[in-house]
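Take a look at the structure set out below.
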Amino acid sequence: MGTSFLSSEEYDELAHKHYDTGDYDQALHVLRDGIAQYPDSVLLQVGLGYTRIAREEYAWARQCFERALELDSEYEDAWVGLGETLLKFGRVEDALSCFAQIDEMGLGDDLELGLTVGRALYREGLFTDARARFAALSTTHADSAELAAARGYTLHALGDDLGARRELRRAIKLDGDLHEARIYLSHLLHDRGDLRGALTELEQVPPAEHWDTLSIWRYIELKTQLDGVAEDDSWFAPWRETLAELDEEPDDVDHLLAEVEASFEGVVDEQAAAALELSAQMDFMMKVLGPPAPPSATAEADTETHRIRTAEGSVFEGSWDDIVRGMRDACGEPALSVGTFLRRAARQIHERTGREVPSHTAEAFLKASARMGLLRIER
């Protein structure tokens, strides 16, 4: 069906439908068509910005949000999106200034905006700032289960397990169907040795609502250990079906191979368009980040030596990137790029603990891992 007669709001709604199903390519296509029809639509520019973030095209995302703010300097979602994008470039102070615009506009107690800001800070390992944002929201949104859960995750990241369990229990009391919070709570209970409590929480999560393999394996293990159910009992059939579905999901390397294969299947015009877009994005990144550091500065940064010790006692030394390369090689996967290894490791940590670890740089990954107690930075 053609879209040339849609309003800007209808374009946005259609793009949202694709976005919500994870079809970011189609969402991008719809938003481009919409902007071609309505080049001054702030709504579509912001939608395009968030779609670019989902595709990890941060330079393009920043351009979209800045364009939106040129059109309407008081469009709150654009300020939030710009701040989230600046965090990806390590521009923390600038990002916090963007988020402060929300407060200056009198929208500091807006729940949806506040959650978006807090979660963006959390994802980048800025747990103290995230906690402050969530705490400010809690004074006017004490009945929000999502907010209570977000506070719980953040308190855990900051080492306050007691506070984390309290907030997660409150979240579940407010919304019994908040399965992610219940699974997270079960992991915390398991870690402190409360196996029966951990099982009690997992029993209230339907099989299809599990999003990581760890929680399913843990449920099976606890059910057999505490209730005497045999591992091959038909009782576990729904959980094993979900486990099989999760195991079949492609990992980062599969996605990469699929993208490479797709690039060979595309027609020449599509390849040329993609190359042009990539070139434009690189040009824009140069404007955003500035020229590369002079060789002496780069060499000095690369020669700074750190040392970390893992929970198992292994020691790695060198720059942050050197340390991650050493960890990658020790895992027997030297062919992986550092970026792919970081994303895979972050995903595995999330599956095991339910906690997010930034993977955009080696330094952010290692420092967040240290805060979680997975390793110790000795210098």
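The values are calculated or read from the model by the stated rules, or taken from the named source; none is laboratory data. Source: prediction; values computed, not measured. Virtual Cβ from ideal backbone geometry, glycine too; neighbours counted across all protein chains shown. When the accessible area is computed, the model is the full protein with side chains, heavy atoms only, and any ligands, DNA or RNA have been set aside. Shrake-Rupley method; radii C 1.70, N 1.55, O 1.52, S 1.80 Å.
Accessible surface of residue 18, taken over heavy atoms with a 1.4 Å probe and every protein chain present, rounds to 50 Å².
Once a ≥ b ≥ c are taken as the square roots of the eigenvalues of the Cα gyration tensor of the stretch 1-90, is the result rounded (a/c under 1.5), prolate (a/b larger than b/c) or oblate (a/b not larger than b/c)?
Working: a/c = 2.26, a/b = 1.37, b/c = 1.65.
In terms of gyration-tensor shape, oblate.
A Cα-only calculation for the stretch 107-255 places Rg and Dmax at 17.0, 54 Å. Averaged over residues, the count of other Cβ atoms within 10 Å places the peptides 313-321, 114-122, 156-164 in the sequence 114-122, 156-164, 313-321, highest first.
By a 1.4 Å probe calculation restricted to protein chains, residue 91 has an accessible surface near 80 Å², given to the nearest 10.
Solvent-accessible surface (1.4 Å probe) assigned to residue 70 amounts to roughly 140 Å².
Does the stretch 133-196 classify as rounded, prolate or oblate by the C-alpha gyration tensor (a ≥ b ≥ c root eigenvalues; a/c under 1.5 gives rounded; else a/b over b/c gives prolate, otherwise oblate)? Mind dumping the intermediate values first?
On the way: a/c = 2.61, a/b = 1.44, b/c = 1.81.
Oblate shape, in that a/c is at least 1.5 and b/c is the bigger or equal ratio.
Here the accessible area is traced with a 1.4 Å probe on the protein chains. For the stretch 139-207, carbon and sulfur cover 47 percent of it.
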